[in-house]
Amino acid sequence: MKLVIAHLYPAHLNMYGDRGNVLAMVHRAQCRGIEAEVVPVGPGDTLVPEAVDFVFMGGGQDAQQMLVADDLARHKADAMRQAAERGVVMLGICGGYQMLGHYYQPYDSDPIPGLGLLDCTTVAGPERFIGNVVVVRPDGSTLVGFENHSGLTTLGQGVVPLGTVKLGKGNNGQDGSEGAVSASGTLYGTYLHGSLLPKNPSLTDELLGKALSVRYGEAGAVAMQQPVSPALQALETSAHQRALVLNR
Amino acid sequence: MILPDWFQRPVAIHTAKLLGNLIRVTGQGSGTSLPGKVGLKLDPNLLKKLAAQLNKTRLAISGTNGKSTTAGVLASLCKADGFNTVHNALGANMKPGLTASLIEATSLAGQLNADVGIFEVDEASLPQCALEIRQDWTLVTNLFRDQLDRYGELDTTAKLIEQGIANSGGGMILNADDPMVSAMAVHLKQPAKTTGGSGFHRPVIYYGVSSVDYPDLPPLDSPVAFPREVTDCPLCQAPLHYDLFTYGHLGHYHCTACDFARPDPHVQGHIVMAADHSILKIHCNLNHTPYEATFPINMPGLYNSINVLAALCAALTIGIQPAALNVGLDRYRGLFGRAEHQLVDGKPVTMMLIKNPIGAWEVLKVAAGLPKARLLIVINDDYADGRDISWLWDAPFEYLVNHPTPITVSGKRAEDMALRLAYAGVPETRLHVEHDIMGAFHSCLNQLDGDEQLVVLPTYTALLAMSLALKTR
């Protein structure tokens, strides 16, 4: 069994430690005997919708973000749409989240169209939200991370929030929501850096399980039953707990 | 307060000096800026008047990283050549701090006892300070986007420095390896509209690194992508092509569309980064007779060798005798904590600050090459460290995978660090978590065998806490 991860623009969106999310997916897959391959997809490269199981896109600085938005529209919009229709699991963080949405409206120029895969829109805000975040998910579990954004994201009818902020500002500092999950349950967006997945292993498994079930069906779920190494699990859990304790 | 000038200045200096002494005697702070503030209040032109008395050279150093070390080394080189040198040594790098350093060297009669001024100047303060100190040269080290300040305002910073150079009326000493810095010479060749500059020919001197060798570096099991800022041409915005990266986005570049390229440096450095020492060989083409020399660098990390190269280039530019260079470099003591070698209970301890992926990259290369080192990594996430520890995931801790001894992690975010090392491939059995920083420090120290040394990689507040604890024992 093999998981193919498309890491979008790893050289351009690389200043926020989001690489850790890819490492977490790889580790939690490998722990269960699942082979994991990471395919870097840069500007000008094509994405093959049938060949990938999980798509990750991180955040970058403004200049890189513009370049990436342009390249996405030119070279990858169709493939991303087809992949999303296939049920490929996607995670966008910060800038990556914004680009999964309909558009990003900068402060002083025309809106930058996004992929429109997540039903949300983002407008540049006057204030930058910087700080630790604790999110409570609908099932009561927690997510810990760090936000650093000035974009204000408003969710539409076609998505549900990833969770509610217990600490931090979340999507827009107004409605208490953080992140978005598509109605299909396969497309995720969030502002949480940190890195997010290494210290939120339950979310990693959620993404991994959904990604494997698309290509492998029941066999994927069976593979997920394999336990990860207790030592790694303990380190991940204690990093999660530590963040909760520090931000109590 | 309206006082005649002949009276005003002595009063300003007298009061400020008195205040400086008072602050030091009472132990209320180090007295680095406040005397300058008071002096400027009493005489707004104090900085201008005092700086004008520096009759040999006035030199300002700006840029985002390496200002303090470069200024410290350069001041030491000037002193070694016999010049009375004023230097804002304690990092107070805005107008009051500059003024205070001059007051310190001024007699009560208002007579400055110095011929050379080496001023580290904050980028945003440079335009205003340049109008007052009228420096002969401005040295620009680099423009790194601070990992903790991701507002994309590097262009603004570059423009401020360019304005400062324009305001000074003097020349510039530029890092050829940083595209945004070398482009300053191109920008400043055109008459500046906003300043009414005349566009006269300003002298430009470049320094740059020709190559870097790492003779002791163990190879990585798998390649790690270097976290670096993608840099576009500062003149036409087309992508830059690099033949060599030396440090972060510094290197040998040329534009893929226009003529912009790394200029040939007047002073070139070849750097050897061995595990326990580094060597800087320079080749200088400033004068008619080329000059070559080799310097041992007693500070770890490639960035320190580059800072020394910058200081040597500046020293040679302002006419410091080559014979004084080795002496001056020898006398320079590294800035507090940036790379501190010390003995604790008779055992060797090296501390190397880590705060962002690019700096950590170099520190980890050095640490990984040390054969007899026990490692303690201390990660705090207080305000001065930067609250966001995401950068741990961009730094190549993979270099430590084959480190032969256990690694202890400490600090508020010890668990994140432990997890990062585990994901890098360090076996969990070789990882120890101990939250209490001094507890971790001493248990590591006690475990040292024979000729081992303790190498501590702390974030800023962790370094501060350890230094204080060790001082007050």
FRET E, pair A:GLN105, B:LEU244, Förster distance 41 Å, beta-carbon r, rounded to 0.05: 0.50
What value, in deg cm²/dmol to 500, does the helix sum -39500 (n - 2.57) over DSSP H runs of n ≥ 4 give at 222 nm once divided by the residues of chain B? -11000 deg cm²/dmol
Looking only at segment A:54-75, which residues have a backbone nitrogen under 20 Å from a spot 7 Å from the Cα of B:LEU235 in the C-beta direction? none
Roughly what % of DSSP beta bridges within segment A:2-246 run antiparallel, to the nearest 5? 55
Length-normalised contact order of segment B:338-471 in % [C-alpha pairs under 8 Å, at least 6 apart]: 36
I want to make sure I understand the PRE zone here: with the label point 7 angstrom from the Cα of B:SER210 toward its beta carbon, which residues in segment B:229-257 have backbone N atoms less than 18 Å away? B:243-247, B:251-253
Rounded to the nearest 10 degrees, the helix B:95-104 long axis (Cα) sits at an angle to the longest Cα principal axis of chain B of 80
Charges at C-beta only: +1 for Lys and Arg, -1 for Asp and Glu. How large is the resulting dipole of the protein assembly as shown about its Cα centre, in Debye rounded to 20? 1860
Can you tell me what share of the DSSP beta bridges in chain B is antiparallel? A percent to the nearest 5 is fine. 40
Please give the charge dipole size of chain B, origin at the Cα centre, charges +1 on K and R Cβ atoms and -1 on D and E Cβ atoms. Round to the nearest 20 debye. 1640
Considering Cα pairs under 8 angstrom that are at least six residues apart, work out the relative contact order of segment B:38-107 and quote it in whole percent. 34
Top positive-direction residue, dipole computed over chain B with Cβ charges, set B:LEU364, B:TYR291, B:PRO127: B:PRO127
Assigning unit charges at the beta carbon (Lys, Arg +1; Asp, Glu -1) and nothing else, what dipole magnitude in debye, to the nearest 20, does segment B:339-473 show about its Cα centre? 200
Theoretical ellipticity at 222 nm over chain A - DSSP helices of four or more residues, -39500 (n - 2.57) apiece, nearest 500: -9500 deg cm²/dmol
Relative contact order (percent, whole number), chain B, Cα cutoff 8 Å, 6+ residue spacing: 12
Rounded to the nearest 0.05, what FRET efficiency do A:ALA234 and B:ALA109 have when you use their Cβ-Cβ distance and R0 = 60 Å? 0.30
Given R₀ = 56 Å, what would the calculated FRET efficiency be for A:ARG74 paired with B:ALA469, taking r from the Cβ atoms and rounding to 0.05? 0.50
Label-to-label distance, nm, for residues given as A:GLU85 and B:THR429 (7 Å Cα→Cβ offset): 5.2
For segment A:22-123, whose charge dipole is built from +1 on Lys and Arg Cβ atoms and -1 on Asp and Glu Cβ atoms, the candidate among A:GLY116, A:LEU67, A:HIS27 with its Cα farthest towards the positive end is A:HIS27
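Read-outs: derived from the displayed coordinates by stated rules, not from any lab. This structure is a prediction, so every number in the text was calculated from the model and none was measured. Note that we place each Cβ from the backbone using ideal geometry, even for glycine, and neighbour counts take in every protein chain shown.
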